[in-house]
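Worksheet for the structure shown next.
What follows is calculated from the coordinates using simple rules that are stated; it is not laboratory data. What you are looking at is a predicted structure, and each value in this text was computed from that prediction instead of being measured. Note that we place each Cβ from the backbone using ideal geometry, even for glycine, and neighbour counts take in every protein chain shown.
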Amino acid sequence: MKTAKYFLGVGILIAVFNAVILSIILYFDSDAALRILSMIGACHVGGRLAFIGTGFEVGLTTIPIILIIIFYNTAYLLIVYSIFVLLSENVSKLKFFKSIHDKVQESKKIHNKWSLISIAVFIWIPLPMTGAVIGSLIAYLEGFQNRQIVIVSVLSMWFGVISWTLLFHQMYGFLRSLHSYTTLLFTLLLLMLPFIFAFFQKFRKRKMLD
């Protein structure tokens, strides 16, 4: 519990730092602040790929996009994970947490236990229902120590942000060469990706029941 409280404090400090920096940017350049806010909104709708894609779509360059995502996602991960740990008895009853538990149980049909390496890969893969928060919760359910979980989750998330942003930099350059609206359509697709994924999951479950 002490470790979780420490990570919660660090997460809150980073979140406050983010808020102060964003407030300063808003004061001096409201347009830039709105671009950052649009990225954050896209993240909560479409996930990490939408976070990156929106950054390029609103005209930001690679380094600012990487820094924005790393600072925001690190604070978000530390706060959410720490709260889950501190309130583990209560949140374990929530539907979202049960779905993570089911994911762990299903994986045990393939292998006995998630290793830290497999969790790191899971976090790096930018698909719906993957990522640092869910990866850290899987690691928590597997019984790893909080310090191990946070270190692996943060480093994997950072590596994922850097590698996928660099890839998207090349991809958006290519898409712009095709047509000016191509990147916009691609970004909208990224925003819709979790909903498409959820639809196909429901469709697959219905087919299995039939």
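Read phi for every residue in segment 117-126 and hand back ³J(HN,Hα) as whole Hz from Karplus 6.51 cos²θ - 1.76 cosθ + 1.60, θ = phi - 60°, with x for Gly and Pro.
5, 5, 5, 4, 5, 4, 5, 5, 5, x
Between Ile196 and Phe159, what is the spin-label point distance in nm, taking each point 7 Å from the Cα along the Cα→C-beta axis?
According to this spin-label approximation, the distance is 2.8 nm.
Is the shape of segment 2-209 best called rounded, prolate or oblate, per the rule: a/c under 1.5 gives rounded, else a/b larger than b/c gives prolate, else oblate, with a ≥ b ≥ c the square roots of the Cα gyration tensor eigenvalues?
Oblate, because a/c is 1.5 or more while a/b does not exceed b/c.
Under a crude label model (7 Å from the Cα following the beta-carbon direction), how far is Leu166 from Thr62 in nanometres?
Distance between label points: 0.7 nm.
Would you pull out the residues with amide H under 5 Å of Gly47's amide H, same chain only if 5 or more places away, H placed 1.01 Å from N?
none
Residue separation times 0.36 nm, minus the C-alpha to C-alpha distance between Leu127 and Leu26: what's the value?
My answer for the length gained is 33.2 nm.
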